[in-house]
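Chemist: Structure provided below as structure tokens; questions to follow.
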Amino acid sequence: MRHLRWLAVLPFLGMLVGPYFLNRVEPFILGLPFLLAWLVFCVLATSAIMALIYITDPQNRTPEEGR
């Protein structure tokens, strides 16, 4: 489980390091400049990765009643 938590570093690095290499306006993605689209993708990836970590964490499972 600890190895899966390292996935949470990826969106952070994408937001921190990405603008240094991707700071350009074109191409437009869904009408957004490339850098803004990249940051929106990082925010969405953060939500998806945190959901994956939450689902796979055994401490978040509730014990079933009656068993």
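Chemist: Amide H to amide H under 5 Å from residue 29: which residues, 5+ apart in sequence or cross-chain, H placed 1.01 Å off N in plane?
Modeler: 34
Chemist: I need the phi-derived Karplus couplings for the range 7-17: 6.51 cos²θ - 1.76 cosθ + 1.60, θ = phi - 60°, integer Hz, Gly and Pro marked x.
Modeler: 4, 5, 6, 4, x, 4, 5, x, 6, 7, 9
Chemist: Tell me what the chain gives for mean residue ellipticity at 222 nm when only DSSP H runs of n ≥ 4 count, each as -39,500 (n - 2.57), the sum divided by the residue total, rounded to 500 deg cm²/dmol.
Modeler: -19500 deg cm²/dmol
Chemist: Among 4, 56, 37, whose Cα projects farthest towards the positive end of the dipole of the chain, with charges put on the beta-carbon of Lys, Arg (+1) and Asp, Glu (-1)?
Modeler: Looking along the dipole axis, the top candidate is 4.
Chemist: Enter the angle in degrees (range 0 to 90, nearest 10) between the Cα long axis of helix 34-56 and the first principal axis of the Cα atoms of the chain, meaning the one along which they spread out most.
Modeler: 10
Chemist: In addition: Per the Cauchy relation, a quarter of the hull surface: what is the mean projected area of the convex hull of the alpha carbons in the chain, in nm²?
Modeler: 6.1
Each reported figure results from applying straightforward, stated rules to the coordinates on display, with no laboratory input. Keep in mind that what you see is a predicted model, and the values were worked out from it rather than measured. Heads up, the Cβs are rebuilt from the backbone with ideal geometry, glycines too, and the neighbour counts pull from every protein chain shown.
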